[in-house]
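Asker: Dropping a structure here in C-alpha cells format, bear with me for questions.
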Amino acid sequence: MTASADVLLPRSPDEAVEAFGDGSDVTVIGGGTIVLPEITYGRLRPTRAIILTAADLAGVKRDGTTVTVGATTPVAELVDLPAPVGPCAANVADGEIRGQATLGGNLCAGEGAGAPRGDLQGALLAVDAVARSAGAGGERTEPLADFLANRRGRLLLDVSFDAPAAGAFVALDRPHTHEYTTMAVSVARRPDGTVRIAVTGAGTHGQRLPSAEAAAGDPAAAGEAALADVAPQDDALASSWYRTKTLPVLVRRALAELKEAS
Amino acid sequence: MNLTVNGVEHDVASAPLTSLLDVLREELGITSPKAGCEQGGCGACTVLVDGEARRSCLLPVGALDGAEVTTVEGLGTPERLSTVQLAFTHHYAAQCGFCTSGMLLAAHAYVEHGGSDDRAEITEALGGHVCRCTGYVKIIEAVAAAARGDSFDLETTAASPGMTNIGGVR
Amino acid sequence: MKAVGARLPRYDGVEHVTGRTTFVDDVRVPGTLWVKALRSPVHRADVKGLDTSPAESMKGVHAVITWRDVPLLEYGHLSALGIPADEPLLAKDDLRYKGQPIALVAAEDEETAQAAVEAIVLDLDEQEPLLDIRRAFDADAPVIHQWGNWYPHFEAEMDRRQIRKGDVDWAFEHADTVVQGVYRPAAIEHVPLETQVCLVVPEANGRLTIYSCTQALYFSLGVVAAHLQVPLNKLKLVGGTVGGGFGGKVDTATETMCSLLALKSGRPVKWRWTREEEFLCSSTRAPWHMEIADAVTKDGWILGRKMLTLHDSGAYARFSPYGLTKHSFHHTGAYTIPNLSFDGYVVFTNRVPTTAMRGFGVTSVSFATETHMSRIAEVLGLDPYEIRLKNANRIGDTSPNGVVYTDPSTVPTIQAIADAMGRELPADHRTMSRQPREGSLLPEHLVAQLGNPEEH
C-alpha cells in the first residue's frame, strides 16, 4: 500500500546516491508528473520511494560552450537552451507541467501505457549529450544512448552537451497540450559541419538515425533513408503506417529548418 | 510535514506519496480543486504552490514540506472577490463550474506575472485546462479583461465582443 | 418579463468562482466507504463462475454486491415508451461488453476497494464478439443478444423504424440522376469534466438519500425505485450542479448499485469513476452507418430519397430505439423531399451501450444530409447555396412523418450564412423566404406533400 511506503527525501546529491543504492526495489520521483498517475491508477505500488526535489540536483551550468543540466532541473528551465533542446522542452505538455517535470524524469520515463514518452531523449541525442549517473559500481559518465539502453539501476545526476552550431526541432502536432508527442525529430549541426539526427516516438525510446545522417546533405533523401533505422509500432497515438508516412516529412523539414538556421 | 493552505498552517497526516489533491480534498476538506482526471490532463485540480500554477493531482505531498498553497477560497470571498473572480463572473466565464477553480488560479498566476490581454498568450498560459461547456471564448475574454485592468459590474453580464448579429428573420 | 433581453448574471456565478458550488464529490458524510467495480475484461464471454468470497473476507471491506443482490435485475428505463427491459444491472450469465459491471465492493478506502476487486475470482469462457454493425445481418455472424442482433420491438413488433411517404419508385423513374453516399460518423465521448459519481446515505428512518450527478432527477428516482422494488417515497434524490452531462448522465449508471451497497453495509458509500473508466466504460454517442440515394433532377430538385440507417446500440438497447425514431423523423434535414423510403435498424454489438448526446439521433442525419446536399450540388454542377434554398423547408411543407412546418428557419438561416461568408447570392435566391411555396417553387411533385399549417 502506498500509505505504508518508505519515502526518503535526500537533502544532497550524496544522500540521494546513498538512498538509491543499486536501485533495486526503489521508485525514483523527480517532479512526480509521470509517477503520481501510475500510483493513483494502481499500476505502480512502491514500497520504497525517493523524492529528489530537495536533493540539490537541479540547475543549468555553462562553461564556455558546454552546458550541464542537473537531473532534477524543471523542464521549464530548458526552454531557452540552444535548439534542438530548447524548442523540444517548450513543446512538452503545458506550462504548469513543465514547471514541475524534470529532465531526469523525462529521460528515464519508460514507455507509457500505449504512448511514447521522453521527448528530451531525441533532442539530447542529437547534441551528443553524455549522462553522469550513480548506482552499482559507482559513478560513471557515458554517451546518452548507452545510458538509455542500460538505465535500470542507474540514478541520473546530470547531462552535459556542447552547444551545437545550429539546431532544429520538428514534431507532429499535438491536438491538446496534455497529449504526448506522437513523433518528433531533432537535428543539430556540430562545429565540424557534421549533422546529427534523432527521433522520438518511432520506437521504444529515442534513437539516432544514422542512415539519415549519412544523407543529410539532401533533406528528401535523408527523410527516405531514415526509414531504414526504425521499426515503428502501432500504439494509442498512431499506427506504424502513419509514423512510416510522416517520419520522412519530419526529417526533411528539420533539415530544411537547420539549413535556414545555419 | 507542514503545509500552509490559504494562509493557514497545517500538520499534514497523509502519507508522503499522497497527491496534494487528495490531501486538500480528503484530509483538509478543501474541495474546490477537482478530480477531473487525476493524470494531469485537464487542469481541474490546479492550485498555486508558492505562487506558481501547478497540478495538485501530480504533486506528492512529501515534496511540499513548507510550501504555501492557494486555492480559490484563498483568492477571494463573495464579499471581496479578486480581479479574476470578478472578471469571470461579469463575463459569464463559467457554466457548470467544474473547471472554474483551476482556470481561475491559472488566470490569477498569469495576470500576477504580468500577462497581457493577447489572446494567443492567454491560450498558451491556460493551454492545459479543459472546459467542456463554454467553448473557451468567454474564459479568454475574462482573462483578457482582468489583464487589462477593466472594471467589473456584477449586476449585469458583459456583452461579448465576439458575437455579431448574424441577421434577423425575414 | 424584464429578464428577456437583459444581461443577467448567473445565479450561481459567485458560488462557482469562490469554490462553493457543491458537486456530488464535494459532499462530505462521516464514515463514507469507497466503491470500486469488477468489470468485464473482454468484449463477450459466458460466465462460468464468480467467487466474491476473497473480497468479502478482506479486512476493510464492508459489502460486495452481485446480480443476486438486485431485487429486480432487469428494468427497461424507457418501458413507458415501449422499450422492454434487456439489460441486467449487474452481469449474470454472460458478459456483452468490455467494462460491463459484474460486482461492486464498498471498503474503507480506495486502495482496499481496488485490492478487493482484484481478489474476486472470475471464470470466463470467451466468445467471438460482434463489433461491426454491418456484419450483424450475416448468416454466419455470432448472435449476441436474446432478441437477435437487432432490436425487434418497434410498434407492431416491427424490426425496424420504417417511413414510407409518397411514391419513391416514381421519383427514381423520373430522376435525371441518382446521387449516392455512405456516411459513418464514429462514436463520440461526452467527456464531462466531472466523472460519474454518486453518494448514497442510508438514513435512520429507513430511507436512502442519493446524491446524484444525473441530468434527470425524477427519471433516475423511478429507475432506482424499480430496481430496488421500493416505493418512491423511500428514496430522496439530491441533485443540483452537474459538472457537465451532455446526455451522458441520463443512464442512471451508478445510483442503484450504490444504493444496494449502502443498504448492505449500513454505511454511506461513494463511487467516483476514474477518467479511464469514463473513456473505457461509459456510454457514448452511437456510431452510425447511413446510406443515402437521392433521385434528383438536373435543375436541382430532390424528387425522392431512399435511406438505410444502422444505429450501433452497443450491447443493450437503452434509449437507442428512441434515438433512431427521432433520426427517422428528421432524415430529410432542413429540406423538403416528397417521396421517401427510410429503413432504420437498432443493431447490437459487443461494445459499450450507446446513449443520448446533444441532439440525440439527429446530429448524425444532419451531418449526412448536409454533406449529401453538397455532394448533389457537386454532381449537378450547381451552387451548394442555391440547391439548399430551392429544396428548403417552407411553411406548409411536411416532414418525413407528416408534421406540417409552421415556422421553418432554413431559408433565412442559409441567407444569413451567405451574408456572413460574403457570398453574393443571385437576386431570386436573395429574395426567397420561408412563406408557403408558390409559382416556380411549387412544381407538381411537391403539391401532394403540402399540409395546412392552420390545422396543425
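Asker: For the stretch C:16-41, which positions are of a type in the set (S, T, N, Q) and either free of Cβ contacts under 8 Å to residues at least 60 places away in the same chain or within 14 Å of chain B (Cβ to nearest Cβ) (or both)?
Answerer: Of everything in the stretch C:16-41, those that are of a type in the set (S, T, N, Q) and either free of Cβ contacts under 8 Å to residues at least 60 places away in the same chain or within 14 Å of chain B (Cβ to nearest Cβ) (or both) turn out to be C:T18, C:T21, C:T22, C:T32.
Asker: Only residues that are crowded, with 20+ Cβ neighbours inside 10 Å and among the small types (G, A, S): list them for the stretch C:375-398, please.
Answerer: Across the stretch C:375-398, the qualifying residues are C:A392, C:G396.
Asker: Just checking, does the stretch C:249-256 include any residue being assigned by TED's automatic domain parsing to the domain that holds C:L73, over 30 Å from C:A368 (Cβ atoms) and not in a loop (DSSP other than H, G, I, E, B)?
Answerer: Checked the stretch C:249-256: at least one residue is assigned by TED's automatic domain parsing to the domain that holds C:L73, over 30 Å from C:A368 (Cβ atoms) and not in a loop (DSSP other than H, G, I, E, B).
Asker: Could you check C:A116 against (1) modelled with pLDDT under 95; (2) crowded, with 21+ Cβ neighbours inside 10 Å and say which number it fails?
Answerer: Among (1) modelled with pLDDT under 95; (2) crowded, with 21+ Cβ neighbours inside 10 Å, the lone unmet condition for C:A116 is (1).
Asker: Taking the options C:Q229, C:Q196, name whichever one is surrounded by 20 or more Cβ atoms within 10 Å (Cβ to Cβ) and polar (S, T, N, Q).
Answerer: The match here is C:Q196.
Asker: Quick check on my filter: what residues within the stretch C:51-73 are part of a strand (DSSP E or B) and closer than 16 Å to C:S259 by Cα?
Answerer: Across the stretch C:51-73, the qualifying residues are C:H62, C:A63, C:V64, C:I65.
To keep it simple, each residue is scored yes or no on (1) free of Cβ contacts under 8 Å to residues at least 60 places away in the same chain; (2) crowded, with 19+ Cβ neighbours inside 10 Å; (3) over 17 Å from the mean Cα position of the chain (by Cα); (4) closer than 23 Å to B:A35 by Cβ.
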| site | (1), (2), (3), (4) |
| --- | --- |
| C:F246 | no, yes, no, yes |
| C:D251 | no, yes, no, yes |
| C:A262 | no, yes, yes, yes |
| C:E276 | yes, no, yes, yes |
| C:C281 | no, yes, no, yes |
| C:W288 | no, yes, no, no |
| C:L303 | no, yes, yes, no |
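Asker: Quick check on the stretch B:29-52: of everything there that is acidic (D, E) and assigned to a loop (DSSP other than H, G, I, E, B), which residue is nearest to the other protein chains (Cβ to nearest Cβ)?
Answerer: Only one residue fits best here, namely B:E38.
Asker: Identify, from the list C:T274, C:T297, the residue that is of a type in the set (S, T, Y) and either within 14 Å of chain B (Cβ to nearest Cβ) or in contact with a Cys (Cβ under 7 Å, 6 or more places away or on another chain) (or both).
Answerer: Testing whether each residue is of a type in the set (S, T, Y) and either within 14 Å of chain B (Cβ to nearest Cβ) or in contact with a Cys (Cβ under 7 Å, 6 or more places away or on another chain) (or both) leaves just C:T274.
Asker: Across the stretch C:434-455, which residue is nearest to the other protein chains (Cβ to nearest Cβ) among those that are surrounded by 14 or more Cβ atoms within 10 Å (Cβ to Cβ) and more than 22 Å from C:A295 (Cα to Cα)?
Answerer: C:R434
Asker: Hey, does the stretch C:347-356 have a residue that's buried (at least 24 other Cβ atoms within 10 Å of the Cβ), modelled with pLDDT of 95 or more and more than 17 Å from the chain's Cα centre (by Cα)?
Answerer: no
Asker: Next question. Looking only at the stretch B:64-80, which residues are touching a Ser or Thr at 6+ places or on another chain (Cβ under 8 Å) and free of Cβ contacts under 8 Å to residues at least 40 places away in the same chain?
Answerer: B:L75, B:G76, B:T77, B:P78
Yes/no per residue for (1) assigned to a helix (DSSP H, G or I); (2) within 28 Å of B:E27 (Cα to Cα):
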residue	(1), (2)
C:E15	yes, yes
C:D25	yes, yes
C:W34	no, yes
C:D46	no, no
C:G49	no, no
C:G76	no, no
C:A91	no, no
C:G99	no, no
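Asker: Could you check the stretch B:96-128 and list, in sequence order, the residues that are at the interface with another protein chain (Cβ under 8 Å from one of its Cβ atoms) and either buried (at least 24 other Cβ atoms within 10 Å of the Cβ) or not in a helix (DSSP H, G or I) (or both)?
Answerer: Those that are at the interface with another protein chain (Cβ under 8 Å from one of its Cβ atoms) and either buried (at least 24 other Cβ atoms within 10 Å of the Cβ) or not in a helix (DSSP H, G or I) (or both): B:C96, B:G97, B:F98, B:C99, B:T100, B:S101, B:L104, B:A106, B:G127, B:G128.
Asker: Residues of the stretch B:1-13 being buried (at least 19 other Cβ atoms within 10 Å of the Cβ) and either out of contact with any His (no Cβ under 9 Å at 6 or more places or on another chain) or of a type in the set (S, T, Y) (or both), which ones?
Answerer: If the condition is that a residue be buried (at least 19 other Cβ atoms within 10 Å of the Cβ) and either out of contact with any His (no Cβ under 9 Å at 6 or more places or on another chain) or of a type in the set (S, T, Y) (or both), then B:V5, B:V12 are the ones that fit.
Asker: Which ranges mark the helices (runs of 4 or more DSSP H) fully within the stretch A:110-226 that have 2 or more residues being touching a residue at least 40 places away in the same chain (Cβ under 8 Å) and among the aliphatic types (A, V, I, L, M)?
Answerer: Helices (runs of 4 or more DSSP H) meeting the threshold: A:119-126, A:144-149.
Asker: Within the stretch C:79-109, track down each residue that is free of Cβ contacts under 8 Å to residues at least 24 places away in the same chain and touching a strand residue (DSSP E or B) at 6+ places or on another chain (Cβ under 9 Å).
Answerer: C:A85, C:P88
Asker: Right, here's the next one. Sort out which residues of the stretch A:1-33 are of a type in the set (S, T, Y), over 23 Å from the mean Cα position of the chain (by Cα), at pLDDT below 95 and surrounded by fewer than 19 Cβ atoms within 10 Å (Cβ to Cβ), and write them in order of number.
Answerer: A:S4
Asker: Quick one: count up the residues across the stretch B:117-139 that are over 20 Å from B:Q85 (Cβ atoms) and of a type in the set (S, T, N, Q).
Answerer: 1
Asker: If I filter the stretch A:34-56 down to residues being touching a residue at least 60 places away in the same chain (Cβ under 8 Å) and either surrounded by 24 or more Cβ atoms within 10 Å (Cβ to Cβ) or within 10 Å of another protein chain (Cβ to nearest Cβ) (or both), which single residue comes out as farthest from A:L8 (Cα to Cα)?
Answerer: A:I34
Asker: List every residue pair whose Cβ atoms sit under 6 Å apart, with the two residues 6 or more apart in sequence or on different chains, where the first one lies in the stretch A:84-106 and is under 16 Å from B:G127 (Cα atoms) and more than 11 Å from chain B (Cβ to nearest Cβ) and the second, anywhere, is among the β-branched types (V, I, T) and outside any helix (DSSP H, G or I).
Answerer: A:A89/A:V79
Asker: Tally time: how many residues in the stretch B:53-62 are touching a residue at least 40 places away in the same chain (Cβ under 8 Å) and either outside any helix (DSSP H, G or I) or at the interface with chain A (Cβ under 7 Å from one of its Cβ atoms) (or both)?
Answerer: 5
The values are calculated or read from the model by the stated rules, or taken from the named source; none is laboratory data. The structure displayed is predicted, hence computed values, not measured ones. Neighbour counts are summed over all protein chains in view; Cβ atoms, including those assigned to glycine, are modelled from backbone coordinates with ideal geometry.
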